[in-house]
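The values are calculated or read from the model by the stated rules, or taken from the named source; none is laboratory data. Here the structure is a predicted model, which means the values were calculated and not measured. Counting neighbours? That spans all protein chains shown, and the Cβs are built from the backbone with ideal geometry, glycine included. What goes into the accessible areas is simple: the full protein's heavy atoms, side chains included, and nothing from ligands, DNA or RNA. Shrake-Rupley method; radii C 1.70, N 1.55, O 1.52, S 1.80 Å.
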Amino acid sequence: MPRPLPRREFLATAAAALGPFGCERAADRSQTQVALWFSYGGRNREVLEGLVRRYNAVQAQDRVQAVFQGDYFEGLAKLRIALAAGTPPSLTHVVSEVVPYLENAGVLEPLAPYEGASTLDVLPAFRQEQAFRGAPPGLCALPFNRSTPIAYLNRSLFDRAQLEPPRTWAEVRDVARAFTRRGGESRHGFGCPIDWWFWVALVEQAGGSVVEPDGRISLGDEAGVAALEFWQGLARERLMKVPTGRDYNAWEQINQDFLAGRVAMIWSTTAFVRYLEDNARFPVRAAPLPAGVRRAVPTGGTHWVIPKAASAPEKAAAWRFLRFMLEPPQVVDWATSTGYIPVTQAAVNALSERGYYRVHPNDAVALEQLTVASPWPWSIRLFRVAREIVQPRLERVVFAGADARRELAEARALCATEFA
C-alpha cells in the first residue's frame, strides 16, 4: 500500500492567494448553491454551460454555477489552494493521473454510499476499478469527458495515394515518408505533440508499462526507450512535424498544421473530432493508433470528484447533478456535440439504435479503441512523474537530440530516489 503523502507536500503554501478563486455563494437561500469548477474553453465550454442551464431549468432544488478555472493544470493548482484554504468547490473534474493522488490525500468524498451509485451503467473501461490498475475498494470518481488518442488522416490525400491508415509502427514510417514533401509547399507526413499521453500510448504498444504491478516506476524499461527512439527517428528524418510549445499550445498547433494541409496525418485526441470535421477543407478520417508488438491506448480526459470538505448540502446537490449528467440524454448530447466518448452503456445503445455511428464513423473509432484501452496505474506519484520528470526529458530527446536511453535511465533513478 502506498504511504500517505506528507500534508505539507499536498497542501499549497499559498493558501492566502486564493482570492478570486474561492467559491461564490449566492444570496438566494431557497436553493442549494453548487460551485462547479471546470477546465476547458471553446465548444466544450459552451456545451457544458448549456447542460448546466438545462439542469437549472428542470429542477428548483439546486442552482449550479459553472466557473472556468483555466486549463487542467491551472485548475488543479487552484483546487489545491482552495483545499488548503478550506474553501473547495462543490464539484470539479480532474485528469486521471491526479485521482489517486487526491484520494490518497483524503480530500475526496466517497461516492459509493450515495443513492444510485451502485446501479450506474458506466462502460467497463471507464469504471474506476477497471480504469485504474490496483485501485483500492470504493468509489471516489466518476467519468466525465473521456477520450483516447486517435489518428486523423487527410482523406483526400490518402484516397489519391490509395493508401490505408497505418496499422503498425513500420507502416507509420512508410506513410509519413510517402506524404512528406520538401520545397516551396512543404508537407510532413506525420505530426504529433511531444506529450506524455502519446508517449504512454507508444510504451504500451511496445509491450511495456510506465509503472509495474509491484509499484516500481519503470517508465517502460526497454519499451520506454523504443517508444522515444521511434519519435526521435521520425523527427530526425523530418518525416514528423514536431510542434513547438508545451501542453495544449502544442496540441492546437498540430491541429492547425493538419487543417492547413501542412501535415497529412496527426495523432491527437478523440475530443477534437467535431472541431476537425467542422473546420477542415477536406474530408477527415479517424483511425485507430497502430500496433507495436500489440495494440494499446491509454484513456484520457477527466473524472468528476466531490471534495470531502464541501458542506453536506452541497455534496448532496453535487451528487444530484452528477446523476443528471449521467442520464442518457445528457451523455448523448455531450458526446455528439464534442467528440468525447459516451461514458454509459445506455447512451451508447441509444446512439447505436438511431444509426449515429453509421453516419459518424469517426466517432465509432474511439469507442472501438476501448477494447484495447490500458488502465492507468493507481500511483499517487504519477502526476509528478509525468509533469516534472518525464515530460522535460521527452522534449530534450526529440527537440535537442538527447540520448533516449540515458534520459530515461536518469528519470528512473530520480524516481527511485525521490519516491523511495
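Results, tabulated for the structure shown:
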| read-out | value |
| --- | --- |
| Verdict on Leu289 being touching a Pro at 6+ places or on another chain (Cβ under 9 Å), within 27 Å of Val98 (Cβ to Cβ), modelled with pLDDT of 95 or more and among the hydrophobic types (A, V, I, L, M, F, W, C) | yes |
| Among (1) at pLDDT 95 or above; (2) over 18 Å from Ala227 (Cα atoms); (3) open to solvent by 10 Å² or more (accessible area, probe 1.4 Å); (4) not hydrophobic (A, V, I, L, M, F, W, C) - the single one Arg295 does not satisfy | (2) |
| Looking only at the range 138-149, and only at residues there that are in contact with a Pro (Cβ under 8 Å, 6 or more places away or on another chain) and over 29 Å from Ala176 (Cβ atoms), the one that is most open to solvent (accessible area, probe 1.4 Å) | Gly138 |
| Selection within the range 84-126 - of a type in the set (A, V, I, L, M, F, W, C), in contact with a strand residue (DSSP E or B) (Cβ under 8 Å, 6 or more places away or on another chain) and open to solvent by less than 30 Å² (accessible area, probe 1.4 Å) | Leu91, Val94, Val95, Val99, Leu102, Val107, Leu108, Leu111, Val122, Leu123, Ala125, Phe126 |
| Those helices (runs of 4 or more DSSP H) lying entirely in the range 164-259 with at least 1 residues open to solvent by 30 Å² or more (accessible area, probe 1.4 Å) | 169-179, 222-236, 247-259 |
| From Asp257, Asp278, Asp221, residue being charged (D, E, K, R) and closer than 18 Å to Ile389 by Cβ | Asp221 |
| Which numbered condition Thr371 fails, given (1) open to solvent by 10 Å² or more (accessible area, probe 1.4 Å); (2) part of a helix (DSSP H, G or I); (3) more than 23 Å from Glu129 (Cβ to Cβ) | (3) |
| Residue match in the range 400-408 (condition: surrounded by 15 or more Cβ atoms within 10 Å (Cβ to Cβ), within 22 Å of the chain's Cα centre (by Cα) and outside any loop (DSSP other than H, G, I, E, B)) | no |
| Among residues of the range 150-163, those that are of a type outside the set (Lys, Arg) and open to solvent by 50 Å² or more (accessible area, probe 1.4 Å), counted | 3 |
| From Ala309, Ala286, residue being open to solvent by 40 Å² or more (accessible area, probe 1.4 Å), in contact (Cβ under 8 Å) with a residue 40 or more places away in the chain and either in a loop (DSSP other than H, G, I, E, B) or more than 30 Å from Arg63 (Cβ to Cβ) (or both) | Ala309 |
| Residue in the range 324-344 that is farther than 25 Å from Ala287 by Cβ, open to solvent by 50 Å² or more (accessible area, probe 1.4 Å), in contact with a Gly (Cβ under 7 Å, 6 or more places away or on another chain) and at pLDDT 95 or above present | no |
| From the options Arg53, Arg80, residue that is at pLDDT 80 or above, of a type in the set (Lys, Arg) and under 24 Å from Thr336 (Cα atoms) | Arg53 |
| Odd one out for Ala317 among (1) closer than 30 Å to Arg406 by Cα; (2) open to solvent by less than 10 Å² (accessible area, probe 1.4 Å) | (1) |
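Table: residues versus (1) among the hydrophobic types (A, V, I, L, M, F, W, C); (2) in a helix (DSSP H, G or I); (3) open to solvent by 30 Å² or more (accessible area, probe 1.4 Å); (4) in contact (Cβ under 8 Å) with a residue 24 or more places away in the chain.
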{"residue": "Asn349", "(1), (2), (3), (4)": "no, yes, yes, no"}
{"residue": "Ser352", "(1), (2), (3), (4)": "no, yes, yes, no"}
{"residue": "Val365", "(1), (2), (3), (4)": "yes, yes, no, yes"}
{"residue": "Arg393", "(1), (2), (3), (4)": "no, yes, yes, no"}
{"residue": "Arg396", "(1), (2), (3), (4)": "no, yes, yes, no"}
{"residue": "Ala413", "(1), (2), (3), (4)": "yes, yes, yes, no"}
{"residue": "Thr417", "(1), (2), (3), (4)": "no, yes, yes, no"}
